[in-house]
Amino acid sequence: MTQVTEFILTGVSERPELQVPLFLGFLGIYVLTVMGNLGIITLTSVDPRLQTPMYFFLRHLAVINFSNSTVIAPKMLSNFLEQKKTISYYACATQLGGFLVFIVAEIYMLAVMAYDRYVAICNPLLYMVVVSRRVCLLLVSLTYLYGLFTSIVFTLCVFSLSFCSSNIIDHFYCDITPLIALSCSDTYVTEILVFLSAGTNLFFSMTIVIVSYFNIVLSILRMRSSEGRKKAFSTCGSHVMAVTVFYGTLLFMYLQPGANHSLDTDKMASVFYTLVIPMLNPMIYSLRNKDVKAALKSFVTKPCKSCKLM
């Protein structure tokens with residue numbers, strides 16, 4: 001019985017004529033993701049108007065989106081141009097671990113951002129007390145630490161299994177489900193743990209988001225001023241869009257009927273929450289947020305003014 005030392009990733013498509021077009025398409029997505037998220041990180045770090053808790057959390061969402069895409073995209077892109085789409089055993093474990101850190105962190109970062117908007121709109125007078133800098137640092141630290149803990153536990157669980165038959169992963173990156181499918185060990189306990197963890201994380205995160213926005217809507221509807229209602233909706237509108245796209249993709253993947261479930265569908269859903277959504281988030285926050293647009297305009301025009309003076 002030979003132990004597997006490397007895996008073969010089938011990728012998004014195995015058709016040879018699609019490899020170059022797919023490479024160019026996903027390269028464009030990744031470049032936009034890097035530019036958009038690094039732009040958000042830069043603006044929220046240097047602009048004085050973006051030094052509030054909301055933009056602190058947005059900066060870390062951008063860090064998570066950038067990191068998650070970077071864990072997946074470079075290897076995926078290189079495989080489009082290679083004949084043998086292999087990944088070593090330890091590189092696969094590293095990729096799975098990195099993916100789990102950031103996908104779990106994103107689930108809870110969106111919940112933290114929903115709570116932030118709830119306090120800002122429903123208890124504005126206590127906002128800077130309830131969401132103090134210490135609380136912000138604590139919430140972000142717990143998000144990353146829990147993501148790291150989950151990653152270590154499940155990476156060890158998956159790679160403690162034996163892989164002694166096929167080494168072909170029917171996916172474009174090392175994910176838990178296709179890896180478990182390859183194992184020749186008893187995977188019952190691992191599958192139960194993965195199911196319970198994924199269900200618990202989604203349940204708690206979505207509960208926080210739903211309860212927060214339910215209270216936000218009630219609070220907005222009680223406002224007498226139409227201008228105040230418009231401003232409140234505008235403040236949380238971009239976050240609602242980001243949350244809807246992210247959770248909508250996850251729910252589509254996990255709640256579809258069993259008869260319609262396929263690995264191809266899993267791949268398309270994975271493309272959305274690992275590559276497309278991290279690209280869209282900076283656009284959503286930039287296009288719907290006046291402060292971010294003003295900060296971007298200021299950041300772009302200042303260097304231009306310096307050039308003119310020179």
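Overview of results
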| quantity | calculated |
| --- | --- |
| Any chance C157 is at pLDDT 90 or above and not aromatic (F, W, Y) | yes |
| Given (1) closer than 27 Å to G248 by Cα; (2) without any contact (Cβ under 8 Å) to a residue 40 or more places away in the chain; (3) of a type in the set (S, T, Y), index of the condition Y108 fails | (2) |
| Filter pass, I176 being closer than 30 Å to Q51 by Cα and crowded, with 17+ Cβ neighbours inside 10 Å | no |
| Residue that is nearest to the chain's Cα centre (by Cα) [pool: residues in the range 122-141 that are in a helix (DSSP H, G or I) and surrounded by 13 or more Cβ atoms within 10 Å (Cβ to Cβ)] | V140 |
| Near pairs, Cβ below 6 angstrom, 6+ apart or cross-chain, from the range 284-310 (open to solvent by less than 70 Å² (accessible area, probe 1.4 Å)) to any residue that is modelled with pLDDT of 75 or more and outside any helix (DSSP H, G or I) | A295/D47 |
| Enumeration of residues in the range 29-41 that are more than 13 Å from M76 (Cα to Cα) and either hydrophobic (A, V, I, L, M, F, W, C) or exposed (fewer than 14 other Cβ atoms within 10 Å of the Cβ) (or both) | V31, L32, V34, M35, L38, I40, I41 |
| The range 1-21 - residue that is open to solvent by 40 Å² or more (accessible area, probe 1.4 Å) and in contact (Cβ under 8 Å) with a residue 40 or more places away in the chain and, of those, farthest from the chain's Cα centre (by Cα) | M1 |
| Conditions (1) closer than 16 Å to Y173 by Cβ; (2) of a type in the set (V, I, T); (3) over 23 Å from the mean Cα position of the chain (by Cα): number failed by I103 | (3) |
| Of all residues making up the range 94-105, the number that are open to solvent by 20 Å² or more (accessible area, probe 1.4 Å) and either in contact (Cβ under 8 Å) with a residue 12 or more places away in the chain or hydrophobic (A, V, I, L, M, F, W, C) (or both) | 2 |
| From the options V194, V217, residue that is modelled with pLDDT of 80 or more, open to solvent by 40 Å² or more (accessible area, probe 1.4 Å) and over 26 Å from N37 (Cα atoms) | V217 |
| Which listed residue, of V4, V20, V34, is in a loop (DSSP other than H, G, I, E, B) and either under 30 Å from L182 (Cα atoms) or in contact with a helix residue (DSSP H, G or I) (Cβ under 7 Å, 6 or more places away or on another chain) (or both) | V4 |
| Counted residues, the range 42-60 - those being more than 18 Å from the chain's Cα centre (by Cα), in a helix (DSSP H, G or I) and surrounded by 15 or more Cβ atoms within 10 Å (Cβ to Cβ) | 5 |
| Residue satisfying condition, being modelled with pLDDT under 70 and of a type in the set (K, R), within set K293, K231 | K231 |
| L161 being surrounded by fewer than 21 Cβ atoms within 10 Å (Cβ to Cβ), hydrophobic (A, V, I, L, M, F, W, C), within 25 Å of V71 (Cβ to Cβ) and in contact (Cβ under 8 Å) with a residue 24 or more places away in the chain | yes |
| Selection within the range 61-85 - open to solvent by less than 50 Å² (accessible area, probe 1.4 Å) and aromatic (F, W, Y) | F80 |
| One residue from T155, T150 being open to solvent by less than 30 Å² (accessible area, probe 1.4 Å), within 28 Å of V240 (Cα to Cα), part of a helix (DSSP H, G or I) and of a type outside the set (F, W, Y) | T150 |
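The values are calculated or read from the model by the stated rules, or taken from the named source; none is laboratory data. What you see is a predicted model, and the numbers here were worked out from it, not measured in a lab. Backbone-built Cβ (ideal geometry, glycine too); neighbour counts: all protein chains shown. The protein model used for the area step is the full one, side chains on, heavy atoms only, and it has no ligands, DNA or RNA in it. Shrake-Rupley method; radii C 1.70, N 1.55, O 1.52, S 1.80 Å.
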